[in-house]
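These notes are about the structure you will find just below.
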Amino acid sequence: IAKEVAKLLEMKAQLGTDEGKHKFVLKTPKGTRDFGPKEMAIRERAFKAIISCFKRHGAEVIDTPVFELKETLTGKYGEDSKLIYDLKDQGGELLSLRYDLTVPFARYLAMNKITNIKRYHIAKVYRRDNPAMTRGRYREFYQCDFDIAGQFDPMIPDAECLKIVHEILSDLQLGDFVIKVNDRRILDGMFAVCGVPDSKFRTICSSVDKLDKVPWEEVRSEMVGEKGLSPEAADRIGEYVQLHGGLDLIEQLLQDPQLSQNKVAKEGLGDMKLLFEYLTLFGITGKISFDLSLARGLDYYTGVIFEAVLLQQDHEHLEEPLSVGSVAGGGRYDGLVGMFDAKGRKVPCVGVSIGIERIFSILEQRLEASEEKIRTTETQVLVASAQKKLLEERLRLISELWDAGIKAEMLYKKNPKLLNQLQYCEETGIPLVAIVGEQELKDGVVKLRIVATREEVNVRRESLVEEIRIRTSQC
């Protein structure tokens with residue numbers, strides 16, 4: 001047997017291995033996806049609403065490299081640091097793909113010695129996460145960030161960030177939502193009075209952050225079993241983290257015999273009260289909830305933290321209600337820029353990140369369910385011909401329209417049938433057809449057809465651009 005096996009192995013070696021012959025699978029990498037024209041049309045619509053909101057609030061736009069030095073990113077994300085994508089050494093620098101847009105922003109401020117800016121940044125970020133594609137969780141995804149950096153009076157910029165979240169979520173009409181608000185100082189004070197050792201603050205914080213996904217019992221057993229917290233301390237935390245409300249709860253906690261004695265918590269509660277007063281002036285407190293279970297896992301937050309959550313909705317036309325969780329989050333991070341500054345100079349910052357991928361997945365599902373036809377181009381007019389041998393005339397006219405800034409198309413055939421040209425407009429949603437024919441050329445006019453009503457009007461060639469503009473502005 002041994003001889004035969006040896007013979008077979010020798011034959012196999014002569015034949016060569018199967019390497020390089022395996023079937024190549026055409027797919028996108030795990031946690032990524034392609035977006036076709038339809039998806040991109042939905043995305044562009046959402047981006048437009050978000051950018052116009054950022055601009056309405058006076059933000060400038062910046063961009064930063066897609067990868068940073070590895071040391072720029074390490075130690076900024078707490079337990080999530082393990083999700084950073086490291087790149088192979090390519091010529092002497094250890095690099096990592098950016099994990100979010102906040103740390104690169106802080107690096108940008110420190111590097112350029114900027115102490116005052118209001119900026120937005122929309123770009124892709126990368127996380128070596130376990131993807132849940134249906135819920136809009138990817139390994140490559142867009143973030144839309146708005147941040148205010150600078151030394152200002154307390155809670156004014158923070159209130160504006162919450163107003164921005166409220167405006168965007170209302171504008172995108174995603175359904176009912178609530179913006180949960182808390183403060184890292186209130187959390188730290190609460191941990192202190194509950195008997196959590198300083199060294200365990202951050203790790204207990206990331207346990208509390210799971211409360212929106214798992215019940216208190218599971219979080220408690222993680223704190224006690226895995227993280228070594230005493231059962232008494234865990235139970236005390238349990239009493240606090242199940243509280244949520246508004247100004248009334250802030251007043252109640254300011255009177256709390258233990259919390260009111262803690263300097264950090266008292267400071268946080270004082271600012272929270274001020275924040276709610278500003279939010280009342282903005283008229284948005286109906287959607288805001290002061291929630292003591294909100295912890296947000298990132299290490300760099302120092303003050304107010306917030307998260308917008310879509311509330312469960314039962315749509316008759318959907319098999320199951322959409323549950324996508326958090327769609328925006330942010331907070332104050334006053335120490336991050338100082339971590340990059342040689343002299344440790346701090347630049348106070350507060351910002352918000354819109355969870356655009358989750359928003360996209362809702363908009364896509366909603367569109368699928370409604371079967372609404374979505375246009376993937378912005379073409380205003382199709383240049384068509386009624387008879388043969390008019391290609392030159394079509395080319396001449398379409399060139400005039402393009403030069404005048406009109407979005408125009410034509411079919412790439414010498415002699416297309418008029419019916420085919422009209423059908424193309426129906427299929428793609430082009431609202432107008434500019435028809436050139438022999439008679440029209442003699443008369444110096446163009447026949448303009450309104451696709452929806454099939455009405456046709458003769459327009460003088462020199463007035464055509466203006467006529468198209470007027471008619472498409474009404475569409």
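The values are calculated or read from the model by the stated rules, or taken from the named source; none is laboratory data. Since this is a predicted model, take the numbers as computed values, not measurements. Here the Cβ positions follow ideal geometry from the backbone for every residue, glycine too, while neighbour counts run over all protein chains shown. Surface areas here come from the heavy atoms of the whole protein model, side chains and all, with no ligands, DNA or RNA. Shrake-Rupley method; radii C 1.70, N 1.55, O 1.52, S 1.80 Å.
SER399 sits among other residues whose Cβ lies under 12 Å from its own Cβ, and their net charge, with Lys and Arg +1 and Asp and Glu -1, is -2. Computed on the chain, with alpha-carbon pairs under 8 angstrom and 6+ residues apart, the relative contact order is 15 percent. Where does segment 112-179 land on Rg/Rh, using Cα atoms and the Kirkwood Rh? Rg divided by Rh gives 1.05. Each 20 Å bin, from zero up to the one with the longest distance, holds this percent of the alpha carbon pairs of the chain: 19, 41, 26, 13, 2.
Overall, segment 53-194 carries a charge dipole of about 220 debye about its Cα centre when +1 sits on the Cβ of Lys and Arg and -1 on the Cβ of Asp and Glu, all other atoms neutral. Across the accessible surface of the chain, with the other protein chains kept in place and a 1.4 Å probe, carbon and sulfur atoms take up 52 percent.
Helix 102-111 and the long axis of the chain differ in direction by around 80°, with both axes built from C-alpha atoms. A cut-off of 5 Å between modelled amide H atoms, ignoring neighbours fewer than 5 places along the same chain, links SER289 with ILE179, LYS180, VAL181. The calculated 222 nm mean residue ellipticity attributable to helices in the chain amounts to -12000 deg cm²/dmol, summing -39500 (n - 2.57) over DSSP H runs of n ≥ 4 and dividing by all residues. Listed by chain and number, the lysines placed with their C-alpha closer than 24 angstrom to that of LYS70 are LYS30, LYS82, LYS88, LYS113, LYS124, LYS343, LYS346; residues fewer than eight positions away on the same chain are left out. Can you tell me how segment 334-413 classifies by the Cα gyration tensor, rounded, prolate or oblate, using a/c under 1.5 as the rounded cut? Judged from the Cα gyration tensor, segment 334-413 comes out oblate (a/c at least 1.5, b/c at or above a/b).
Excluding SER289 itself, calculate the net charge of residues whose Cβ lies under 14 Å from the Cβ of SER289, where each Lys or Arg counts +1 and each Asp or Glu counts -1. So the environment of SER289 carries a net charge of -4. Accessible surface computed residue by residue for the chain, with neighbouring protein chains in place and a 1.4 Å probe, gives 53 Å² per residue.
Given a cut-off of under 8 Å on Cα pairs at least six residues apart, what relative contact order in percent is computed for segment 37-158?
Working: 157 pairs, mean separation 29.0, N = 122.
Here the relative contact order equals 24 percent.
The HN-Hα couplings worked out from phi for segment 444-456 by the Karplus form 6.51 cos²θ - 1.76 cosθ + 1.60 (θ = phi - 60°) are x, 10, 10, 7, 9, 10, 8, 4, 5, 9, 6, 6, 10 Hz, whole numbers, x standing for Gly and Pro.
For GLY355, the amide hydrogen comes within under 5 Å of the amide hydrogens of ALA328, GLY329, counting only partners 5 or more places away or on other chains and with H modelled in the peptide plane.
Here the Karplus relation 6.51 cos²θ - 1.76 cosθ + 1.60, evaluated at θ = phi - 60°, turns the backbone of segment 47-59 into coupling constants of 4, 4, 5, 5, 4, 5, 5, 4, 5, 4, 9, x, 8 Hz, with x for every Gly and Pro.
Could you tell me which trypsin sites (Lys or Arg not before Pro) in segment 366-456 are loop residues by DSSP with no more than 16 other beta carbons within 10 angstrom of their beta carbon? Listed in order of number, the matching sites are LYS373, ARG375, LYS388, LYS389, LYS407, LYS413, LYS414, LYS417, ARG454. So for segment 37-369, taking the charge dipole from beta-carbon charges (+1 Lys/Arg, -1 Asp/Glu), which of ALA46, LEU310, GLY175 sits furthest toward the positive end? So the residue we want is ALA46. Which of the chymotrypsin sites (Phe, Trp or Tyr not before Pro) found in segment 359-448 are loop residues per DSSP with 15 or fewer other Cβ atoms within 10 Å of their Cβ? When the chymotrypsin sites (Phe, Trp or Tyr not before Pro) of segment 359-448 are filtered for loop state and at most 15 Cβ neighbours within 10 Å, TYR412 remain.
Please identify every one of the chymotrypsin sites (Phe, Trp or Tyr not before Pro) in segment 1-92 that sits in a loop by DSSP and has no more than 12 other beta carbons within 10 Å of its own beta carbon.
Loop-located and lightly packed - PHE24, PHE35.
With the biggest extent put first, the Cα atoms of segment 381-473 measure 31, 29, 24 Å across the principal axes.
Across segment 375-383, computed HN-Hα scalar couplings (Karplus, 6.51 cos²θ - 1.76 cosθ + 1.60, θ = phi - 60°) run 6, 9, 10, 10, 3, 8, 8, 9, 8 Hz from first to last residue, x flagging Gly and Pro. Placing unit charges on the Cβ atoms only, positive for Lys and Arg and negative for Asp and Glu, gives the chain a dipole magnitude near 1680 debye about its Cα centre.
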